[in-house]
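One structure is given here, and the rest of the page talks about it.
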Amino acid sequence: MTDFLLELRSEEIPARMQEKAREDLARLFAAELDKAGLKAAEVVSYATPRRLALILKGLPEQTAAVSEETKGPRVGAPPQALEGFLRKTGLTADQLVERDGVLFAIVDKPGRATAEVLAAAIPAVIRAFPWPKSMRWGADSLSTESLRWVRPLQGIVALFGSEVVPCEIAGVASGAATVGHRFHHPGAITIGSADDYVEKLRACHVIVDGAERRNIIALGAKMAAQKAGLSLIEDEGLLYENAGLTEWPMPLLGRFDEAFLAVPPEVIQLTARVNQKYFVCRDSAGKLANAFVCVANIDAADGGEKIVAGNQKVLAARLSDARFFYETDLKVKLADQAVKLEKIVFHEKLGTVADKVERVAKLARWLVESGVVISPSPLVGEGRGPSRSDGKGEGDLDAASPTPPHPSAPSALPPSPTRGEGELATLAERAARLAKADLVTGMVGEFPELQGLMGGYYAAAQGQEPAVAAAIRDHYKPVGQGDDVPTDPVTVAVALADKLDTLARFFLVEEKPTGSRDPYALRRAALGVVSTVTQNSIRLPLRSAITEAVVSLLPSEEAATLAPLVRDFETIERMAGRGGLSDSGETNMVERWDENAAEITRKGRMAREKATADLLDFFADRLKVQQREAGVRHDLIDAVFALGGEDDLVRLLERVKALQAFVGTEDGANLLAGYKRAANILKKEGVATASAPAKAGAQGSEGQGNPGPLLSQGHEVAQHASGFAYDPEPAEAALAAALDAAEPKATAAIEAEDFEGAMAALAILRAPIDAFFDSVTVNDADPVKRAARLSLLARMRDAVHKVADFAKIEG
Amino acid sequence: MGERLTPSAPCAKALPKPYRVTNLSEPLSFQRMILTLHDYWSTRGCLILQPYDMRMGAGTFHPATTLRALGPEPWNAAFVQPCRRPTDGRYGENPNRLQHYYQYQVILKPSPPDLQELYLGSLAAIGIDFTRHDIRFVEDDWESPTLGAWGLGWEVWCDGMEVTQFTYFQQMGGFDCKPVAGELTYGLERLAMYIQNKDSVYDLAFNDAGVTYGDVFLENEREMSTWNFEIADTDALFDLFRKAAAECERSLEARLPIPAYEQAIEASHIFNLLNARGVISVAERQAYIGRVRDLAKGACTAWIEKKSPEWEAAYPGWAA
């Protein structure tokens, strides 16, 4: 058994690509070897900025000998077929083997030297390497067929045991030599074998293992902060990035002028992180400190003094730029900034951002005035703003910065006190009108990630109400799973209105997500609505809200819709004025104009209805996805959805939760079994559902087969009234009595939205239905008895359907 | 530019390692830094050209970069190019931002195998000591929508400061670069501030006799910022844009790619001025950029069409 080492050395590989490249190298190589029947006992791969390396341990010297069998023509097939087969296999007729009248070619392949397989695999892997972006270079690039690599390929080390595996690609020949750190050890190093690769490079200031570099950075940065009496704000993304930029990482602590702390901490952190790839620190009080940790790629002769000085200077210049933006932005009222949104296109089919703001403002007001968002919202009992989540999402500033709110940060402001509806509506509308204004500020232009947050700061600084500032800040929330969900009523109104508008409008112009394509993040928006509504127990009638969002046409949009009509009308006038139209011609055109107007109105209405229906389905899917992750059974959601007409997500979920609890009990499980038995009999007998499950306004019996021959609808209704036309058996009478008791209870409980109560009412039915099936024969010879018993089962089914369509429940 | 330049000699090998750091008792002045770079690249086979005599946003617009990046012939050149970025003007009040500054451009076609080493040698030549400074190559892919060009490369960091844009051109004017050229763009003021340890660009020593960068350019920044942002006649600029575009097209009809390209440069700068005056709406912006791109692409296309017979004859098998 022998080990193989491969190192592909190049000019600096982008940090973000290294981890995947390392995995790809191992995967592609394994696949190449697999073709030859080779498998390594252990596979290790490494990436640094300047090299990808692979070590395959425990390869045999030779591949195993194999015998390959190829099926040929039947005996007695036309000679051309036989000739073709012989040509293909390179055998003669007497070398073929016959089996069951079919000829086979059997070729024994002796084992190949593994080194030979490796020599062929190296160029194959290099040529097929899936870099996200690759390039050509050098003299060879005179042709576009020249090799592509992430950056120019400089060297190949390929050793099987201690022998070089000879290969050449794009003028780079394999060998045993590589180079160490660019500055610490620029000369050639000869590698003996896979065994000494890692240690030889370490001796030349290259740590080949990315995980080890990350550890060094994590530990070094932490210690540097501690030494300064500070604590490091950890950041996984920065760890990877810095490890991808260094072969010999040296974390160094630097400082910046305390005066810059007047700029919001999120801005400082973002500047340091995004532009400079620095970690930041907090002081013992938990506040952002005027310190950063940079990671150099060299053990400097002066201990890093000059490097720190240089980095401090760069950060100072960055921060003074940020402060310039901040101070400049503060001077312009958000309301004045908002005017500029008229010049920003939101989407080519959906007008400008100013148009959007206008719609969101109206919808936010509607959400309050129609009683959807009320004050105080149920979960704001504590009166807190959004609770800080513990999510550690990469790039999520809030998560990465557990610093307490900045003194002037809107999050530090008191919550909105209880307000009247009118005042709440006014605040929501005002917040909505200002919510997008920060998009045209210098700071957000520089750092788009700060949208919302900066608006919140500017609003607070410009004297807006705390609730308005908070709403501007948080109206994009929740951004993805695990993000905070807004709770303050003003924020909730704006956040919901913004997302509903986005969803409704994109659905209206048929820009819906397809497959993995969701360029406008509509799934995230819908999930945001679902989370906001469910976590705050907001009673949002989705259908009405969507209708509201798709119906309100702005004057400018209305003008756009009517524009073709106006043009027609002008043509009529112009032509009539010129005498170009006869009276009848004019009448025709006017009629056509009326028809066109009606057609446009009709098309508009249909588009809106379709968008509403599609969007409701979309929400149902999102809810299922979200609840599945929360452990709610999707069949139970389907069972409640099947009732139709339910567009209040909170009520729907309560029903589902009560149902899930109920079917988990013995009563529930047995009732479900009884229900299924009853439903099967009814289905067999063709007895349609009487009322539920019914789509809102639709006939329950539609599409469910004709009523059974024995039961007319009228008969069924008559049977629903209590009383028997014959002497019932005790279990029959008991079931009837239980239904008499359970039905009104369940109905009342559902009306009171007491779903547990409704389930409890249904639980009464469990024992009687069991007894009924034990002692009563449904299929009685007497048609009256049979009809009455079927009717009883139908009543039982319908009673259960008041809660959910149990037929959808699995198990 | 009108004469066809003979292909320059291929670049010499990189300096033997470790890098030969210029040991200086005094840091280089701005002008000595330029002279040192000229000397360095001149001895490595580059033609030392002079700035193009037109207003442009980046050294890449210089025809010695753009047009010469096309075609199969070797081309090695270095030059200083003044750059104008009207929106970056700060009336001389920001120590780091200027509406007029200098780039040092090196273009090497085909890109030599030791381009990184050659580049590092130039940093050593102007006094950067790699045992005390942290040099890193940080991914930064370059794209110029107005030139229909892109390339892969890095921004080179020295102690966290971007000092050079390092690019392997892959396409120019919408055409594949065959062969690929390596382009180095040094930010001269930044490098000088770094070498001289100055916090303000205006405090840079321009020469060794006490003249500062501010003595030369501060008033220029103040006046040009005012003109760019407040005074420039927008009606006249719109008119100039139209005229440059029209002249570009007329030149293309006359099969004169170089004058056409000059008009594309002109249109690009006029667009930047209009932008600084804030009279181009977001919606119109894309249309203007598209117009400039079409002009530049038209010039590149015409250049390729005109030169192809010659190139194909000299490089059998080569085709645009």
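The table below gives the values:
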read-out: Matching residues in segment A:592-649 - criterion: being more than 26 Å from A:Thr502 (Cα to Cα), of a type in the set (D, E, K, R) and either touching a residue at least 40 places away in the same chain (Cβ under 8 Å) or outside any helix (DSSP H, G or I) (or both); value: A:Arg633, A:Asp635, A:Asp638
read-out: Any hit, segment A:109-129, residues being free of Cβ contacts under 8 Å to residues at least 40 places away in the same chain, touching a Leu at 6+ places or on another chain (Cβ under 8 Å) and part of a helix (DSSP H, G or I); value: no
read-out: Enumeration of residues in segment A:235-275 that are within 27 Å of A:His185 (Cβ to Cβ), within 11 Å of chain B (Cβ to nearest Cβ) and part of a helix (DSSP H, G or I); value: A:Glu241, A:Asn242
read-out: Qualifying residue in segment A:151-167 (condition: among the acidic types (Asp, Glu) and at pLDDT below 95); value: no
read-out: Qualifying positions in segment A:202-217 - among the small types (Gly, Ala, Ser) and in contact with a strand residue (DSSP E or B) (Cβ under 8 Å, 6 or more places away or on another chain); value: A:Gly210
read-out: Of all residues making up segment B:284-320, the number that are within 25 Å of B:Arg84 (Cβ to Cβ) and among the small types (Gly, Ala, Ser); value: 5
read-out: Residue match in segment A:68-91 (condition: closer than 30 Å to A:Glu241 by Cα and in contact (Cβ under 8 Å) with a residue 12 or more places away in the chain); value: no
read-out: The one condition in (1) hydrophobic (A, V, I, L, M, F, W, C); (2) surrounded by fewer than 21 Cβ atoms within 10 Å (Cβ to Cβ); (3) within 11 Å of chain A (Cβ to nearest Cβ) that B:Val80 fails to fulfil; value: (3)
read-out: Evaluation of A:Ala173 against (1) surrounded by fewer than 19 Cβ atoms within 10 Å (Cβ to Cβ); (2) out of contact with any Ser or Thr (no Cβ under 7 Å at 6 or more places or on another chain); (3) at pLDDT 95 or above; (4) not in a strand (DSSP E or B) (one fails), failing number; value: (4)
read-out: Enumeration of residues in segment A:330-352 that are modelled with pLDDT under 90 and more than 8 Å from chain B (Cβ to nearest Cβ); value: A:Lys340, A:Leu341, A:Glu342, A:Phe346, A:His347, A:Glu348, A:Lys349, A:Leu350, A:Gly351, A:Thr352
read-out: Of residues in segment A:284-308 being part of a helix (DSSP H, G or I) and in contact (Cβ under 8 Å) with a residue 12 or more places away in the chain, the one farthest from the other protein chains (Cβ to nearest Cβ); value: A:Val308
read-out: Neighbours by Cβ (under 6 Å, 6+ apart or cross-chain): first from segment A:160-189, more than 10 Å from chain B (Cβ to nearest Cβ); second aromatic (Phe, Trp, Tyr) and in a loop (DSSP other than H, G, I, E, B); value: A:His181/A:Trp248
read-out: Residues of segment B:198-231 satisfying the condition of being closer than 19 Å to B:Arg85 by Cβ and of a type in the set (Ser, Thr, Tyr); value: B:Ser200, B:Tyr202, B:Tyr213, B:Ser225, B:Thr226
read-out: Test result for B:Thr146, more than 8 Å from chain A (Cβ to nearest Cβ), of a type in the set (Val, Ile, Thr) and touching a residue at least 40 places away in the same chain (Cβ under 8 Å); value: yes
read-out: Residue match in segment A:329-345 (condition: closer than 30 Å to A:Pro519 by Cα and either outside any helix (DSSP H, G or I) or in contact with a His (Cβ under 9 Å, 6 or more places away or on another chain) (or both)); value: yes
read-out: Any hit, segment A:120-131, residues being closer than 20 Å to A:Ala30 by Cβ, out of contact with any strand residue (DSSP E or B) (no Cβ under 6 Å at 6 or more places or on another chain) and within 14 Å of chain B (Cβ to nearest Cβ); value: yes
read-out: Residues within segment A:309-320 that are touching a strand residue (DSSP E or B) at 6+ places or on another chain (Cβ under 9 Å) and more than 8 Å from chain B (Cβ to nearest Cβ), tallied; value: 1
read-out: Output for segment A:136-159, where each listed residue is within 18 Å of A:Lys20 (Cα to Cα) and either within 8 Å of chain B (Cβ to nearest Cβ) or among the β-branched types (Val, Ile, Thr) (or both); value: A:Val150, A:Arg151
read-out: Leading residue by the ranking (nearest to A:Lys306 (Cα to Cα)) among those in segment B:208-250 that are loosely packed, with under 13 Cβ neighbours inside 10 Å and touching a Ser or Thr at 6+ places or on another chain (Cβ under 9 Å); value: B:Asp208
read-out: Residue within segment A:321-329 that is under 30 Å from B:Arg132 (Cβ atoms), surrounded by fewer than 17 Cβ atoms within 10 Å (Cβ to Cβ) and at the interface with chain B (Cβ under 9 Å from one of its Cβ atoms) present; value: no
read-out: Options A:Ala696, A:Ala658, A:Ala688: the member that is within 18 Å of A:Thr747 (Cα to Cα) and modelled with pLDDT under 85; value: A:Ala696
read-out: Given (1) more than 42 Å from the chain's Cα centre (by Cα); (2) modelled with pLDDT under 90; (3) of a type in the set (A, V, I, L, M); (4) not in a loop (DSSP other than H, G, I, E, B), index of the condition A:Ala781 fails; value: (4)
read-out: Residue match in segment B:277-284 (condition: over 23 Å from the mean Cα position of the chain (by Cα), within 28 Å of A:Val345 (Cβ to Cβ) and away from chain A (no Cβ under 14 Å)); value: yes
read-out: Positions within segment A:456-465 being crowded, with 22+ Cβ neighbours inside 10 Å and in contact with a Ser or Thr (Cβ under 9 Å, 6 or more places away or on another chain), in sequence order; value: A:Gly456, A:Tyr457, A:Tyr458, A:Ala460
read-out: Residue in segment B:113-120 that is touching a residue at least 60 places away in the same chain (Cβ under 8 Å), in a loop (DSSP other than H, G, I, E, B) and either among the basic types (Lys, Arg) or within 8 Å of chain A (Cβ to nearest Cβ) (or both) present; value: no
read-out: From A:Pro49, A:Pro73, residue being buried (at least 17 other Cβ atoms within 10 Å of the Cβ), modelled with pLDDT of 95 or more and not hydrophobic (A, V, I, L, M, F, W, C); value: A:Pro49
read-out: Selection status of B:Gly127, within 24 Å of A:Pro186 (Cα to Cα), within 11 Å of chain A (Cβ to nearest Cβ) and not aromatic (Phe, Trp, Tyr); value: no
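The values are calculated or read from the model by the stated rules, or taken from the named source; none is laboratory data. Just so it is clear, the model here is predicted, and its values are computed rather than measured. Reconstructed Cβ throughout: ideal geometry from the backbone, glycine too, with neighbour counts over all protein chains shown.
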